[in-house]
Every structure is written in C-alpha cells, then in structure tokens.
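> Sending over a structure as structure tokens; questions will come in a sec.
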Protein chains: 2
Amino acid sequence: MEKQQTDKRTAIMQAAMELIAEQGLHGTPTSQIAQKAGIGVGTIYRYFKDKDELIGAIHEQVHGQFVETFIENYAPQQPVRENYLRIFTALIRLFIANPFEIKFIEQFYNSPYGVAKKRAQEVECEKPLFAFFNQGKDQQVIKDLPFEILLGLSLGPLIFLARDHLNGFVDLNDQTIAALVGANWDAIKR
Amino acid sequence: MEKQQTDKRTAIMQAAMELIAEQGLHGTPTSQIAQKAGIGVGTIYRYFKDKDELIGAIHEQVHGQFVETFIENYAPQQPVRENYLRIFTALIRLFIANPFEIKFIEQFYNSPYGVAKKRAQEVECEKPLFAFFNQGKDQQVIKDLPFEILLGLSLGPLIFLARDHLNGFVDLNDQTIAALVGANWDAIKR
DNA sequence: CGGTCCGGAGTGAACGCTCAGTCCGTTATA
DNA sequence: TATAACGGACTGAGCGTTCACTCCGGACCG
C-alpha cells in the first residue's frame, strides 16, 4: 500500500509540526509525536533517518507553501503597489490561517541549525521577492534601500503581529489587515 | 565578602545569557553555564532556586534595560516625530550593541513559558509606549490604528533586522539605521 | 598570641529521569 | 507461507538537581 505509506508519513509530519509549534524543537519528544500520529515510535524511523531529517522535511514543506503563495499572487505586468498589497495581504492571511505552520517556522529559525539552513537557502529562495523589489526601485515607486531592509520592513510587522494574533494579544480582521498592509506600503514607498 | 557573592551571581547570569542566546533554552546545560562562569555546578543553586528562576532573573534584567532606554529617550514636551525617531533609533542601537541580550529575549519569548510571562506583564510594562502612541493619535500625527498594530509596525522591522544584522545577513550602520527608522515613521504617520 | 573551632560558600560525583534512536517479536499483506 | 510494515520495550547518553563533603576566614578560648 503506497497510499498508507504516504498517509503515515504525512501524519508524522503533521503531528510533529503541531507539537513543535506549541512546545518547541527540544520540547517535543519522539514518543509524543508517535502518540499523536497514532503510530509506534519506531515507525518514525522508517520514514525519516532521524529527528533532524523529519524537522528538515517539515520546514521544506512549510517554506514551499509560503513561496507558492507569493508566486500565485505576483502579476509582473500589474503596478507595483497593487502587487505589493495583494501579495502581503495574502501572506498574512496565510500566516494566521495556518497557525501551526508559522509557529513552527519561528521555532525553526530560532534554533541553532535554523540559522545555518537560512544562510544556505536564502539567496536562492528569495529571488522572486528580490526581483519584485528591484522592479519597484527601478520604477522609482519604492525607496532606494537595500533589499534586506525592504524585506525587514515588510515581513517584520507581519510576523510580529501574526504571532500576537495567534497568542490572542490582538485581533487581525479584514479591516486591520488592510490597514496594516497599507501602512507597510507607506513605509517602503517613495 | 559580599562583593564576591554579587560577582558570582552576575557571572552566572552573564554566562547563562550568552550561552542561551546562541544555543537556546533547552540547548544549554547547567554544566556548561557553570564551566563558562568558572564555578561549580552546585553553586548555581546557591543563588537560584532552579534553572527557571535563573532564566526569569535574566529576562527581568534585560527587559529592564529596554524599558530604561525608552524612558531615557522620551521627552514628552517635544514633537511626537522627534521623539519617535530618537526612541527607536536608540532602541535598534541598543539591540545591535547588545547581541546576547536581544538573542536571549527572542529565545525567551519563543519558549512556552515566555508567552505566559508576556501575557502577565505586557499590560504593565508597555504603558509608557502606549501613552506615547496615544499622544500621537490625539495630535493626529499618527494613524488611528490599535496600539498593538502600531507596536508591530515599529518593533517588527527592528527585531527582524537586528537579528539579520547579528547573523551577518545585512549591515546596519548609521545611514541605514536612519533610513530604517525614517521608513518606520512613514508607516505609522498619518 | 597561638591554637582550636566553626559557619557557610563552594564543589562535583551521583541520582532519578527523559530523551533519541534501536531491535526484534508481532501483525498485515500478497 | 514468505515478505514487508509496524509497534513499543529497551538502551545508553545526557539532562537538572541534590547532597555529603572540602575549604577557609574569622571568633573564641587558654
């Protein structure tokens, strides 16, 4: 049954992601992952070499979702401002609709080996965003700041507030999201 | 020797903060803290009931530094914009001048019991900032957004970019800091 | 003043426990 | 029945915490 195999693999990843999101990388033992996934501990090691590989696989999947959301919402021929508002509205919606995913990513990047992973991948994976900001700079509608600063100005508030929203410190509805993304645009527009 | 007593306590806290900043809460054993502080493992427990109390003490100290920086740079009688630029420039300078402190705080708030601590303290400790943003809203120079959103727009990019700076992904010098804080102001100003 | 005693800071081997990962008996499949 | 998938008791490493002990500077005798 290849179907079952995939099912178990998915179940393990889902269980691990949810537990790590709430308890942290070091706070979730494999025994707990197995219990939540409804399988035995040993089964985890039939699908993943070790815990690191499991965590890496989850990261890759979640990261893929984020990149996909960007690509789906990017229409190069449209004005930069419209693209910006659409993309980052979609992103924060994605963040708060998938609480486990975003919390997992935070745990991942705050762990020692998350930094290493980022250093290796970043250049490659953020290329589309890089190109998008350059387009805006060329058209003189976005401030002439280094890419990383523009990224920080855009992503920083989103991540900060997505976490606050998920912790119940603030309520992000359609109205506040629109205001937030609009304010973000004010920060980077010329 | 009362002097020595304080010295050891400080040495333990400093060693623990630096190690936790780089290895995470669960990644730093007490044995390593003791070694770095140049003391025996047992000595830690002469000054702190357990590891949690040690971590709590470090958090309180670092948090105090941040609040202090805000208070030192807040001049209520001056224009809101000047205050904003001065305060948040000082804050990001503090962040990147104290790499261990900011990394420790991130580790702390990403741990399960950091959230609980925040929930309990936040209302109290962010009062001065709350008042400051309200002053700006009253004078109609700051957008009429919920306090938490304004906080996210201001602190989000700072934390995001401070981390990137400390990880070597971006270089924050006087010029880029000024541009960053300026862009932040554009985000929240009316 | 020399010698003894003593309180408490400091220590690290040892303990109980939890973890990631293994291994082999059991179960399901074909 | 043969083969592959699975489960969970088990293992050794490593953790936070403890506690019996050492050490030393000052108090107190004779």
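> Can you confirm whether region A:71-82 contains a residue that is surrounded by fewer than 17 Cβ atoms within 10 Å (Cβ to Cβ) and either within 16 Å of DNA strand D (Cβ to nearest atom) or under 21 Å from residue A:163 (Cα atoms) (or both)?
For region A:71-82, residues surrounded by fewer than 17 Cβ atoms within 10 Å (Cβ to Cβ) and either within 16 Å of DNA strand D (Cβ to nearest atom) or under 21 Å from residue A:163 (Cα atoms) (or both): absent.
> Give me the pairs, please: first residue somewhere in region B:144-168 and at the interface with chain A (Cβ under 7 Å from one of its Cβ atoms) and open to solvent by 10 Å² or more (accessible area, probe 1.4 Å), second residue anywhere and among the charged types (D, E, K, R) and not in a helix (DSSP H, G or I), beta-carbon distance under 6 Å, and either six or more positions apart or on two chains.
That search, which allows pairs on different chains as well, returns nothing.
> Among the numbered criteria (1) open to solvent by 20 Å² or more (accessible area, probe 1.4 Å); (2) hydrophobic (A, V, I, L, M, F, W, C); (3) over 29 Å from residue A:182 (Cβ atoms), which one does residue B:104 miss?
So the condition that residue B:104 fails would be (1).
> Filter region A:169-184 for residues that are surrounded by fewer than 20 Cβ atoms within 10 Å (Cβ to Cβ) and more than 7 Å from chain B (Cβ to nearest Cβ) and give the result.
Correct list: A:171, A:173, A:174, A:175, A:177, A:178, A:182.
> Can you tell me which residue in region A:2-27 is most open to solvent (accessible area, probe 1.4 Å), limited to those that are modelled with pLDDT under 90 and of a type in the set (Gly, Ala, Ser)?
The extreme case among them is A:27.
> Within the bounds of region A:28-49, is there any residue that is within 14 Å of another protein chain (Cβ to nearest Cβ), under 18 Å from residue A:99 (Cα atoms) and at pLDDT below 95?
yes
> Next question, about the same structure. Of everything in region A:131-143, what is of a type outside the set (A, V, I, L, M) and open to solvent by 20 Å² or more (accessible area, probe 1.4 Å)? Give them in sequence order.
A:134, A:135, A:137, A:138, A:139, A:140, A:143
> Also: Within region B:51-60, identify whether any single residue is open to solvent by 20 Å² or more (accessible area, probe 1.4 Å) and within 30 Å of residue B:188 (Cα to Cα), and answer yes or no.
yes
> Exactly one condition in (1) at pLDDT 95 or above; (2) under 24 Å from residue B:167 (Cβ atoms); (3) away from DNA strand C (no atom under 16 Å from the Cβ) is not met by residue B:108; state its number.
Every listed condition holds for residue B:108 apart from (1).
> Another question, if that's okay. List the helices (runs of 4 or more DSSP H) that sit entirely inside region A:23-113 and contain at least 1 residues that are within 11 Å of the chain's Cα centre (by Cα).
A:51-73, A:80-97, A:99-109
The values are calculated or read from the model by the stated rules, or taken from the named source; none is laboratory data. Since we're looking at a predicted model, the values are computed, not measured. Glycine gets a Cβ as well: all are built from the backbone with ideal geometry, and neighbour counts include every protein chain shown. Please note that ligands, DNA and RNA were not included when accessible areas were found on the heavy atoms of the full protein model with its side chains. Shrake-Rupley method; radii C 1.70, N 1.55, O 1.52, S 1.80 Å.
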